[in-house]
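Peer 1: A single structure is presented below for examination.
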Amino acid sequence: MGEEGEASDAADEPTGDDSAPDEPDSDGSAPDEPPGEVDYAGRASSILGFSRWWQIVAAAGMMAAVSPYQYVWSSIEQPLAASLDIALPALGAVFSFYVVFQSLSQFPAGKWRDSRGPGALTFLAALLAGGGYIGLAYATAVWQLYLLYSLGAIGVGIVYTVAVNTAVKWFPDRTGLTTGIGTMAFAGGSALVVPYVRANATVAAYGDVLRNVGVAILVVTLVGAYLLRDPPDDWLGLEDREDDEGDDGLAASLRGRAYTTREMLSTWQFWLLYAMFVAMAGADLIVIANVVRFAEQFGLAAVVATAAATLLPVAAGVSRMILGEASDRFDRKKVMAASFVLAGVFRLALIGAGRAEAGLAFVALVMAAMFFSSPLFVYFPSVIADYYGSRNSSGNYAVLYTAKVGGGVFAGTVTGYLVSAFGWVPTFALGGGLAIAAGLAALALRPPSGSGLESESATPAD
């Protein structure tokens with residue numbers, strides 16, 4: 001990114017200055033905007049009255065608040081099972097149900113958000129996600145756990161699609177970095193919660209833990225619902241640009257054609273991305289949902305399991321910002337391919353560390369494996385916006401995100417069957433193989449025919 005772009009974003013950082021922003025020019029552009037170029041930060045500030053980065057702060061806070069649903073489950077399932085006096089396998093499908101509802105809720109939520117904005121939708125998400133976790137503290141039957149976790153998952157799905165696409169809509173020039181910040185918060189936000197839960201993972205204490213976490217989810221998400229808003233149509237003034245101005249300075253999501261969901265589904269690129277998402281989500285979630293039990297299977301000390309569960313979301317979160325920024329600066333396809341292949345290699349190495357009972361190496365490899373696989377939640381929304389445009393990004397990415405259902409079913413129900421039939425080692429090895437396959441498949445990606453971006457591909461368009 002050039003010095004001029006860096007200067008623009010430096011001026012765009014949140015500040016405590018409460019003075020009124022400069023008024024936009026008569027054509028809607030920001031003051032001092034160079035002819036033929038788009039000052040994304042200036043235009044956003046003129047609309048919002050403050051830096052657009054505060055939208056990312058609000059979105060990231062919401063993502064951090066709802067993250068326990070995904071990243072704390074492996075720590076609360078045992079006390080829940082003990083409290084209800086049921087066998088642990090009876091809860092095996094709860095995580096799969098979470099993934100299904102969290103994923104499928106995003107399409108209707110995304111379509112609503114694209115047309116009506118995020119306000120009312122996010123308020124509903126706060127009630128579902130916060131109320132679901134609070135309700136777990138009072139559950140007395142298995143069916144109640146399934147119902148509450150599934151309702152909460154719908155709230156998580158709404159928050160997720162709203163937060164990710166807030167970055168896409170306000171930051172077409174830095175999609176990788178800003179979606180990385182939001183999804184980093186989703187992964188890393190639970191880092192403080194895991195030790196708290198693990199320290200109180202008893203039948204007597206876990207009720208208070210669940211209530212406290214639920215109240216935090218509710219409050220933070222309600223604040224986010226109040227703060228978030230979407231940019232108006234054509235806030236960048238693209239319709240007023242002269243033909244001779246060109247589009248070399250525009251982000252890819254603005255240069256090409258804006259695809260509807262139906263049009264997107266007719267391209268082979270979408271279905272390749274879908275298959276890659278299923279593979280990577282399966283590889284990612286099998287570690288997230290089973291890291292504690294996997295460590296225990298090798299006889300590793302409890303402190304190793306706790307460290308792995310605690311540092312896993314930290315590695316996953318930090319990587320999304322670092323590799324998200326890398327995908328903005330370099331060829332996104334190549335960054336994604338290398339990342340996925342390395343994620344698979346480190347998963348295979350993780351098996352060796354477990355067999356050797358090398359606790360320190362086990363924790364380090366868990367972090368490395370997650371560092372390279374977790375940015376899948378940055379790469380895919382960025383590629384969808386690049387290939388199919390930002391106008392319908394919420395709905396379009398929500399359709400792709402349903403692929404996480406396949407990954408969740410694999411990580412929950414299918415993994416349980418594979419472990420009982422073949423053992424932990426072949427099951428984790430399969431996850432590594434899926435990641436490597438997804439990385440190699442990424443090399444075949446190129447912009448869809450008719451998108452207006454074909455000339456940017458090094459290979460002929462279809």
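Peer 1: I need the Debye-formula profile for the stretch 319-448: one equal scatterer per C-alpha, no solvent, reported as log10 I(q)/I(0) at q = 0.09, 0.11, 0.14, 0.21 1/Å, two decimals.
Peer 2: The computed values of log10 I(q)/I(0) come out as -0.30, -0.44, -0.69, -1.28.
Peer 1: How far, in nm, would the chain grow between ARG262 and THR140 when pulled straight, counting 0.36 nm per residue and subtracting the alpha carbon separation?
Peer 2: Stretched fully, the ARG262-THR140 segment lengthens by 39.5 nm.
Peer 1: At a 1.4 Å probe radius, which order do LYS333, LYS404 fall into by accessible area, largest first?
Peer 2: LYS333, LYS404
Peer 1: What net charge is computed for the residues neighbouring ALA191, neighbours being all others with C-beta under 15 Å from the C-beta of ALA191, Lys and Arg scored +1, Asp and Glu -1?
Peer 2: Details: positive: ARG198, ARG320; negative: none.
Charge balance in the 15 Å sphere: +2.
Peer 1: Can you pull the one-decimal nm distance between simple spin-label points at GLN297 and ALA87, each 7 Å off the Cα toward Cβ?
Peer 2: In this crude label model, GLN297 to ALA87 measures out at 1.8 nm.
Peer 1: Any chance you could tell me what percent of the C-alpha pair distances in the stretch 49-145 go past 15 Å? Let's see the in-between values first.
Peer 2: Details: 3274 of 4656 pairs.
Everything past 15 Å amounts to 70 percent.
Peer 1: Further, regarding this structure: What's the extension gain from VAL215 to ARG229 if we count 0.36 nm per residue and subtract their Cα-Cα distance? Walk me through the numbers on the way to the answer.
Peer 2: Values: separation 14, 0.36 × 14 = 5.04 nm, distance 2.37 nm.
Taking VAL215 through ARG229 to full extension adds about 2.7 nm, to one decimal.
Peer 1: Once the piece of chain linking LEU443 and ALA120 is laid out straight, how much longer is it, given 0.36 nm per residue of separation minus the C-alpha distance between them?
Peer 2: Full-extension gain reported as 112.3 nm.
Peer 1: So, counting K/R as plus one and D/E as minus one, what does the shell of residues with Cβ under 13 Å around GLY299 add up to?
Peer 2: Around GLY299, the surrounding residues sum to 0.
Peer 1: With a sphere of radius 14 Å drawn around the Cβ of ALA326, what net charge do the other residues whose Cβ falls strictly inside it have (Lys, Arg +1; Asp, Glu -1)?
Peer 2: Around ALA326, the surrounding residues sum to +3.
Peer 1: Probe radius 1.4 Å, ligands and nucleic acids left out: which of TYR226, TYR206 has the largest accessible area, and how do the rest follow?
Peer 2: Most to least solvent-accessible, the answer reads TYR226, TYR206.
Peer 1: Would you mind estimating how fast the stretch 86-209 diffuses translationally, via Stokes-Einstein at 10 °C and 1.306 mPa s with the Kirkwood radius over Cα pairs, in µm²/s?
Peer 2: 100 µm²/s
Peer 1: Okay, moving on. What are the ³J(HN,Hα) couplings of the stretch 268-283, residue after residue, when phi is run through the Karplus curve with 6.51, -1.76, 1.60 and θ = phi - 60°? Round to Hz, x for glycine and proline.
Peer 2: Along the stretch 268-283, the couplings run 5, 4, 4, 6, 5, 4, 5, 5, 5, 5, 4, 4, 6, 5, x, 5 Hz.
Peer 1: Send over the Kirkwood Rh of the stretch 147-233, from the inverse of the averaged 1/r over different Cα pairs, rounded to one decimal Å.
Peer 2: Taking every pair of different Cα atoms in the stretch 147-233, averaging 1/r and inverting gives 14.9 Å.
Peer 1: HN-Hα J couplings of the stretch 66-78 from phi, Karplus 6.51/-1.76/1.60, θ = phi - 60°, integer Hz, Gly and Pro as x?
Peer 2: 8, 4, x, 4, 8, 9, 10, 4, 5, 9, 9, 5, 5
Peer 1: Sorted by accessible area (1.4 Å probe), largest first, how do LEU192, LEU228 line up?
Peer 2: So, going from the largest accessible area down, we get LEU192, LEU228.
The values are calculated or read from the model by the stated rules, or taken from the named source; none is laboratory data. Here the structure is a predicted model, which is why all the values come from computation and not from measurement. Note that we place each Cβ from the backbone using ideal geometry, even for glycine, and neighbour counts take in every protein chain shown. Note: accessible area is taken over every heavy atom of the protein model, side chains too, but ligands, DNA and RNA are not part of it. Shrake-Rupley method; radii C 1.70, N 1.55, O 1.52, S 1.80 Å.
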